[in-house]
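**Q** Mind looking over this structure? Questions follow.
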Amino acid sequence: MKRVVITGMGIYSVLGTDLETVKNSLYKGKSGIIFDPKRKEIGFRSGLTGILERPELKGSLSRRMRVGMAEQGEYAYAATKDALVQAKIEQKYLDENPVGILYGNDSSALAVVEGWEKMKTKKDTSLIGSGAIFQQMNSTVSMNLSVIFKLKGINLTISGACASGSHAIGIGYLLIQQGLQDMIICGGAQEINPESMGSFDGLSAFSVREDIPKKASRPFDKDRDGLIPSGGAATVIIESYDNAVKRGVNIIGEVLGYGFSSNGEHISNPNVEGPLNSLQNALINAGLKAKDIDYINAHATATKVGDASEAKAIYKVFGSKIPVSSTKSMTGHEMWMGGASEVIYSLLAAQNNFIPPNINFENPDEDSKKLNIIARTKESQINTFLSNSFGFGGTNSSLIIRKL
């Protein structure tokens, strides 16, 4: 089996749109959450959301390229462009080698709604626009990026709910490990708009702590009252160790293990067994013991049942000593992006010897009090970390990564 390493990272996040800014935001415990009055005006129960400006792509991409890109595709392009630069990959390399793309994405709601509204207004489907279909498909990100960067390897979107970005990296790891690809662009993207979040709000899944938005996302805290939607995009370049050495590039980290499972029960309510199996499978795949993990970036979204189930699973496998935090306390829930962005957040923390804080953790509950939740930034050496991502339908993914 081939070793799989990370040689490039790029991110477009509510914490910043470059690695340095994001690192500083993580260290300072900065929140990217705001109150959006427009959401209340259109009937949302919660007006809380992550905030992010769309990138300006004129001058970078032709109009033909831009018209087929959905909002989350724009974020993904910006993140991927930066990741390729860090990995020292130029277009010539992409032209001459079968580089693949596996990107997590599980909705393109805004594009679908906009297309439907045009059709209703104009009464003529030909006037929806030639780029609409390419924005509306779930595969919009991998579809567009594969054309923009002229990729010739695997080209696939991973739709695994809120574990999509994590599964993309995990499946990419398996393909490279088996020698089926030498390099894959992996990541996750999430649109930030009311159109994509109305049904979530209708489930009463979101926090309504609107008075102080930056204190609303409270993973593991006893007084948590729901998640906060967010988004953006995150890209990691993974390749075989041999390929990276041959190219003579800096290696950031190594993917050591990938665990996955399905709860096999309720479509939205999590259980303990599924996450437990994912954690154990990741350790087995990596050939590691629980004591070998220096930090856990928890999935914890700030829902009552979800956080409790994950806390129980973590305690059963790791006990009470290993540092745990949820960066969603700062970012909100980045949905399909989260599994990829949280790998980058953890790597940035490991590179700079600190554990990112689980801000707003003030009162532990009966489950979280058993864990070593890091409520404030802690100077600490991280060599090997585990990142959890779980999603609707009971899909679970756990990645183990070591910094190099």
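Throughout, read-outs are computed from the coordinates displayed, never taken from laboratory work. What you see is a predicted model; the values in this text were computed from it and never measured. Neighbour counts are summed over all protein chains in view; Cβ atoms, including those assigned to glycine, are modelled from backbone coordinates with ideal geometry.
**Q** Between Lys58 and Ile251, what is the label-point separation in nm under the 7 Å Cα-to-beta-carbon projection?
**A** Going from the Ile251 label point to the Lys58 one covers 4.5 nm.
**Q** Let me ask something else. Using R₀ = 45 Å, calculate the FRET efficiency as 1/(1 + (r/R₀)^6) where r is the Cβ-Cβ separation of Asp18 and Ser126; round to 0.05. Walk me through the numbers before you get to the answer.
**A** Details: r = 41 Å, r/R0 = 0.91.
Using R0 = 45 Å, I get an efficiency of 0.65.
**Q** Beyond 21 Å between alpha-carbons counts as too far, so tell me which of Lys92/Lys246; Lys40/Lys215; Lys291/Lys316 fall in that bin. Can you show the working numbers first?
**A** On the way: Lys92/Lys246 16 Å; Lys40/Lys215 19 Å; Lys291/Lys316 13 Å.
Exceeds cut-off: none, every pair is within range.
**Q** Pairs to check: Lys81/Lys328; Lys118/Lys152; Lys30/Lys88; Lys23/Lys369; Lys28/Lys312; Lys2/Lys403. Give those whose C-alpha atoms are more than 23 Å from each other in this structure. All intermediate terms of the calculation are to be shown ahead of the outcome.
**A** Details: Lys81/Lys328 25 Å; Lys118/Lys152 35 Å; Lys30/Lys88 30 Å; Lys23/Lys369 28 Å; Lys28/Lys312 28 Å; Lys2/Lys403 17 Å.
Exceeds cut-off: Lys81/Lys328; Lys118/Lys152; Lys30/Lys88; Lys23/Lys369; Lys28/Lys312.
**Q** Can you tell me how region 4-247 classifies by the Cα gyration tensor, rounded, prolate or oblate, using a/c under 1.5 as the rounded cut? Please list the in-between numbers first.
**A** On the way: a/c = 2.03, a/b = 1.29, b/c = 1.57.
Taking the square roots of the gyration eigenvalues as a ≥ b ≥ c, region 4-247 is oblate.
**Q** Just in region 304-348: which trypsin sites (Lys or Arg not before Pro) are loop by DSSP and have at most 15 other Cβ atoms within 10 Å? Please report the intermediate quantities before stating the final value.
**A** On the way: sites: Lys304, Lys312, Lys316, Lys321, Lys328; in loops: Lys321.
Those satisfying the criteria are Lys321.
**Q** Hey, rough spin-label estimate for Asp95 and Ser380, points 7 angstrom out along Cα→Cβ, what's it come to in nanometres?
**A** Between Asp95 and Ser380, the simple spin-label model gives 4.8 nm.
**Q** To continue, here is another question. May I ask for the distance between the Cα centers of region 386-404 and region 94-138, given as a whole number of Å?
**A** 28 Å
**Q** Separate question: Can you give me the relative contact order of the chain as a percent, contacts being Cα pairs under 8 Å and 6 or more apart? Don't skip to the answer; put the middle values down first.
**A** Numbers: 1085 pairs, mean separation 95.4, N = 404.
Contact order relative to length: 24 percent.
**Q** Could you tell me the center-to-center distance, by alpha carbons, between region 272-321 and region 1-76 in angstrom?
**A** What the calculation gives is 27 Å, centre to centre.
**Q** In cubic angstrom, how much convex hull volume per residue do the alpha carbon atoms of region 47-133 span? Mind showing how you got there, number by number?
**A** Values: hull volume 13.7 nm³, N = 87.
So the per-residue hull volume is 157 Å³.
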